[in-house]
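The values are calculated or read from the model by the stated rules, or taken from the named source; none is laboratory data. These figures come from a predicted structure and were not determined experimentally. Methodologically, a virtual Cβ is constructed for each residue, glycine included, from the backbone with ideal geometry; neighbour enumeration extends over all protein chains shown.
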């Protein structure tokens with residue numbers, strides 16, 4: 001027999017198997033038991049939280065004649081349940097990502113009129129419904145509002161904000177939540193027990209944390225880890241996930257909290273030389289600092305974190321030696337760093353600078369930091385417009401350049417300021433022309449064009465144009481050719 005992935009093998013078969021969504025399951029059970037079934041449902045939430053699985057269970061339950069006697073669950077033994085176990089014309093599951101046109105919606109509208117074959121209801125499960133086109137939504141609208149008595153629509157999506165309000169208002173909406181780590185840990189432990197695999201408690205907890213609230217992601221990681229060895233250890237899980245070892249991150253965190261500059265640079269060098277991604281290092285360090293903060297503030301932190309004994313002792317020791325203010329400052333700095341690393345040309349240098357800055361700071365507002373904040377507040381305008389601290393001459397390009405520079409400093413926008421410092425500016429009657437290096441030009445076009453334009457316009461009241469360095473417009477070239485006269489001849493200097 002072919003191997004079946006764990007997430008398929010242990011997919012919920014009844015409402016009792018669905019975890020972490022009691023607020024939804026209880027409502028659906030009551031509707032089935034009382035016979036008050038709506039005509040349209042919308043299941044929304046993060047991937048892997050049980051939307052499609054719940055929809056399939058619900059589709060079988062509304063057709064099962066014994067469901068009310070089984071607390072809303074399909075009995076699984078009657079003729080209808082057996083018929084619906086596999087592909088059936090009464091339960092139609094569709095993928096809107098690959099069938100998103102108006103013809104697809106018209107096909108549903110035509111076929112929905114046919115009555116069910118073996119059950120009481122014909123159930124349409126439309127997955128990733130947000131991928132439907134506007135025309136498809138419009139074609140489906142009337143059918144969704146007044147479907148035949150035998151039809152039920154269940155729409156599933158991860159991006160509910162993309163669905164038109166006219167569709168939302170016609171559906172009973174259920175929001176699926178992220179599943180708590182404690183429930184994921186129990187689920188993985190139960191699966192390993194059924195599979196006859198031995199494991200460390202910390203290893204299972206690490207898998208649950210890596211799932212980040214998604215049951216499918218969590219079970220998929222467990223499936224991958226199960227192939228490593230007969231007994232799963234915490235170290236094997238970290239190797240499979242590609243995260244930094246707790247010992248390495250603990251050493252880096254200790255160097256940071258003790259303001260050991262040499263130790264910080266050495267630990268980062270060691271981790272980077274092992275092939276670790278800098279963005280991943282920043283995330284791992286922030287998660288470790290978060291564990292330290294939890295250990296400092298929560299009496300039952302050991303039970304909450306489920307760390308190996310050796311790791312817990314290091315976390316607890318670091319929590320006793322570090323102030324709450326410094327830990328919070330470290331988390332805030334690392335969170336800001338993760339955003340900046342997306343556009344950084346030298347991510348390692350940014351990471352090193354952030355780690356050194358955290359180490360040298362106490363986390364409390366010092367005199368220098370307070371002075372910096374007061375200066376920024378003094379520069380802020382009272383009328384919501386541009387800063388009045390610097391008077392801008394709107395007819396002078398350099399004056400406008402300085403005005404924008406001070407404005408970006410006041411608003412604390414380091415990325416835009418970094419781009420703005422490497423430009424040349426000029427202006428004519430209609431346009432304010434910003435000349436960038438080729439690298440900066442590409443970055444502006446990709447990320448910052450709209451935001452920079454909004455920053456510049458209030459200072460000059462002109463159209464803003466961005467051009468690459470050494471790039472000439474066609475009109476400028478024509479102008480230079482005309483200045484040479486009509487008898488212009490171009491000759492090649494290449495010798496034959």
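Numbers below:
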{"quantity": "Check on residue 216, in contact with a helix residue (DSSP H, G or I) (Cβ under 7 Å, 6 or more places away or on another chain), under 25 Å from residue 49 (Cβ atoms) and buried (at least 17 other Cβ atoms within 10 Å of the Cβ)", "calculated": "yes"}
{"quantity": "Yes/no for residue 412 being more than 20 Å from residue 339 (Cβ to Cβ) and modelled with pLDDT under 75", "calculated": "no"}
{"quantity": "Criterion (buried (at least 16 other Cβ atoms within 10 Å of the Cβ) and touching a residue at least 60 places away in the same chain (Cβ under 8 Å)) met by exactly one of 19, 57, 32", "calculated": "19"}
{"quantity": "Test set (1) modelled with pLDDT of 75 or more; (2) surrounded by 11 or more Cβ atoms within 10 Å (Cβ to Cβ) - residue 419 fails condition number", "calculated": "(1)"}
{"quantity": "Of residues in the stretch 105-121 being touching a residue at least 40 places away in the same chain (Cβ under 8 Å) and either more than 30 Å from residue 79 (Cβ to Cβ) or in contact with a strand residue (DSSP E or B) (Cβ under 6 Å, 6 or more places away or on another chain) (or both), the one surrounded by the most Cβ atoms within 10 Å (Cβ to Cβ)", "calculated": "121"}
{"quantity": "Matching option when the condition is within 20 Å of residue 416 (Cα to Cα) and modelled with pLDDT of 85 or more, among 352, 338", "calculated": "338"}
{"quantity": "Of all residues in the stretch 152-169 being more than 26 Å from the chain's Cα centre (by Cα) and surrounded by fewer than 21 Cβ atoms within 10 Å (Cβ to Cβ), the one that is nearest to residue 39 (Cα to Cα)", "calculated": "169"}
{"quantity": "Qualifying residue in the stretch 184-206 (condition: under 21 Å from the mean Cα position of the chain (by Cα) and either closer than 27 Å to residue 32 by Cβ or modelled with pLDDT of 90 or more (or both))", "calculated": "yes"}
{"quantity": "Verdict on residue 310 being modelled with pLDDT under 85 and more than 27 Å from the chain's Cα centre (by Cα)", "calculated": "yes"}
{"quantity": "Residue count, the stretch 391-401 (criterion: surrounded by fewer than 16 Cβ atoms within 10 Å (Cβ to Cβ) and either in a helix (DSSP H, G or I) or touching a strand residue (DSSP E or B) at 6+ places or on another chain (Cβ under 6 Å) (or both))", "calculated": "1"}
{"quantity": "The stretch 258-282, residues that are under 25 Å from the mean Cα position of the chain (by Cα) and surrounded by 18 or more Cβ atoms within 10 Å (Cβ to Cβ)", "calculated": "276, 278, 281, 282"}
{"quantity": "Condition check for residue 281: assigned to a helix (DSSP H, G or I), in contact (Cβ under 8 Å) with a residue 24 or more places away in the chain and at negative phi", "calculated": "yes"}
{"quantity": "Output for the stretch 428-464, where each listed residue is touching a strand residue (DSSP E or B) at 6+ places or on another chain (Cβ under 7 Å), loosely packed, with under 15 Cβ neighbours inside 10 Å and not in a helix (DSSP H, G or I)", "calculated": "430, 431, 463"}
{"quantity": "Members of the stretch 263-278 found to be on the phi < 0 side of the Ramachandran plot and not in a helix (DSSP H, G or I), listed by number", "calculated": "274, 276, 277"}
